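**Student:** I have a structure here, written as structure tokens, and I will follow up with some questions on it.
The values are calculated or read from the model by the stated rules, or taken from the named source; none is laboratory data. Source: prediction; values computed, not measured. Heads up, the Cβs are rebuilt from the backbone with ideal geometry, glycines too, and the neighbour counts pull from every protein chain shown. For the accessible areas, the whole protein counts, side chains as well, though only heavy atoms, and no ligand, DNA or RNA atoms are used. Shrake-Rupley method; radii C 1.70, N 1.55, O 1.52, S 1.80 Å.
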Amino acid sequence: VQLQASGGGLVQPGGSLRLSCAASGSGYSIKVWSWYRQAPGKQRELVAEIHRGGNTKYTDSVKGRFTISRDNAKDTVYLQMSNLKPEDTAVYYCNLDSDFPMRHDYWGQGTLVTVSS
């Protein structure tokens, strides 16, 4: 299973970006899609997740600004980011939590988001 993330870049404060992450391969079943981020000098943190049933969760700092969604037909997850702030600058990683044939985590390669004027 491979995850390909895309959509990062440089954006001004207040701007928007949409990240995408597509899964390819076989032998998995998506239990949870998640986006994490890691800023320079900081630990990786969970940003948002969407469960198989559609439930979503967000870290407090992005609530009301970020939206996680998915396209089940394409095995793709998205992170729509709006009203971006300099503190959102980080490398963003997608994560696929599969529960078939056994529990396993898959990670994308990371995409850099830089929020700066």
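**Student:** Looking at 117, 61 in this structure, which one is over 15 Å from residue 9 (Cα atoms), among the polar types (S, T, N, Q) and in contact (Cβ under 8 Å) with a residue 12 or more places away in the chain?
**Tutor:** 61
**Student:** Also, quick follow-up: Pull out all pairs, ordered by first then second residue, where Cβ-Cβ is under 9 Å, the residues are six or more apart or on different chains, the first lies in the stretch 79-99 and is within 15 Å of residue 116 (Cβ to Cβ) and basic (Lys, Arg), and the second is open to solvent by 40 Å² or more (accessible area, probe 1.4 Å) and outside any strand (DSSP E or B).
**Tutor:** 85/13; 85/14; 85/61
**Student:** Next up: Residue by residue through the stretch 79-117, note down the ones that are open to solvent by less than 40 Å² (accessible area, probe 1.4 Å) and among the charged types (D, E, K, R).
**Tutor:** Scanning the stretch 79-117 gives 88, 97.
**Student:** Tally the residues that are of a type outside the set (S, T, N, Q) and under 12 Å from residue 33 (Cβ atoms), restricting the search to the stretch 54-64.
**Tutor:** Total meeting the criteria: 2.
**Student:** Something else now. Can you name the residue in the stretch 1-38 that is under 14 Å from residue 82 (Cβ atoms) and touching a Cys at 6+ places or on another chain (Cβ under 9 Å) and, of all such residues, is surrounded by the fewest Cβ atoms within 10 Å (Cβ to Cβ)?
**Tutor:** Result: 7.
**Student:** Is it the case, given these coordinates, that residue 48 is buried (at least 17 other Cβ atoms within 10 Å of the Cβ) and either in contact (Cβ under 8 Å) with a residue 12 or more places away in the chain or acidic (Asp, Glu) (or both)?
**Tutor:** yes
**Student:** In addition: Out of all the residues in the stretch 60-78, which are more than 11 Å from the chain's Cα centre (by Cα) and open to solvent by 40 Å² or more (accessible area, probe 1.4 Å)?
**Tutor:** 60, 61, 63, 64, 71, 72, 73, 74, 75
**Student:** Does the stretch 11-42 hold any residues that are assigned to a loop (DSSP other than H, G, I, E, B) and at negative phi, and which are they?
**Tutor:** Result: 12, 13, 15, 16, 26, 28, 29, 39, 40, 42.
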